[in-house]
Structures are given as C-alpha cells and as structure tokens.
1. Could you list, in sequence order, the residues of region 1-27 that are under 17 Å from Asp41 (Cα atoms) and in contact (Cβ under 8 Å) with a residue 24 or more places away in the chain?
2. Out of all the residues in region 2-32, which are among the hydroxyl-bearing types (Ser, Thr, Tyr) and either in contact with a strand residue (DSSP E or B) (Cβ under 9 Å, 6 or more places away or on another chain) or surrounded by fewer than 19 Cβ atoms within 10 Å (Cβ to Cβ) (or both)?
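Laboratory data are not the source of any read-out in this text; all were calculated from the coordinates shown. Given the structure is predicted, the values throughout are model-derived calculations rather than measurements. Note: ideal-geometry Cβ built from the backbone for every residue, glycine included; neighbour counts use all protein chains shown.
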Amino acid sequence: GIANAITGLGESDMRQGLFESATHYFEEAQVIREELDLTVDIGYGYMNLGVIQANSGNWAGAQELFRLCLEKMEQVGSQRDIA
C-alpha cells in the first residue's frame, strides 16, 4: 500500500511535468516493490520511469526501461500486462 501511495505521488508529478520529483517517487516505490518481489508492480514501475525518460528525450534510457518492464511482464505471463 505504501508503494502504491508513493507511486500516486509520482504519477501526479509526472502528469504535471515535474519529472525530477516523479522519478524520485517512482524509484522510492521500486525499492519497496523489489524488497517484496512484486513482479508486475516492478514492471509498471519500469514503465513509469521509461515514460519520464521518453518525455525527457532520452530515447535510449526509455527503451532500456521499457525492455525491463516487458521482461517482468513476461515472467508473469499475463497477456494483458505484456500488452
């Protein structure tokens, strides 16, 4: 629940273009999710970080984060999450 609340703060900042603080929130939530081994949530965390990189013009960084997201989703095998 704490990771989801932190992610909500990150999403709010990301939508406002506050990429630095959004990145901080997303990375903080990732630490919690990795400690709990929440595979799908970790994948979505990579996706959010990738969106920030894409919106910042860092295409290589975005591609790497999206690849990590896809790997996590493939581990779970949910077609919805893979899509």
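1. Ile2, Ala3, Asn4, Ile6, Thr7, Gly10, Glu11, Ala22, Thr23, Phe26, listed by residue number.
2. Ser12, Ser21, Thr23
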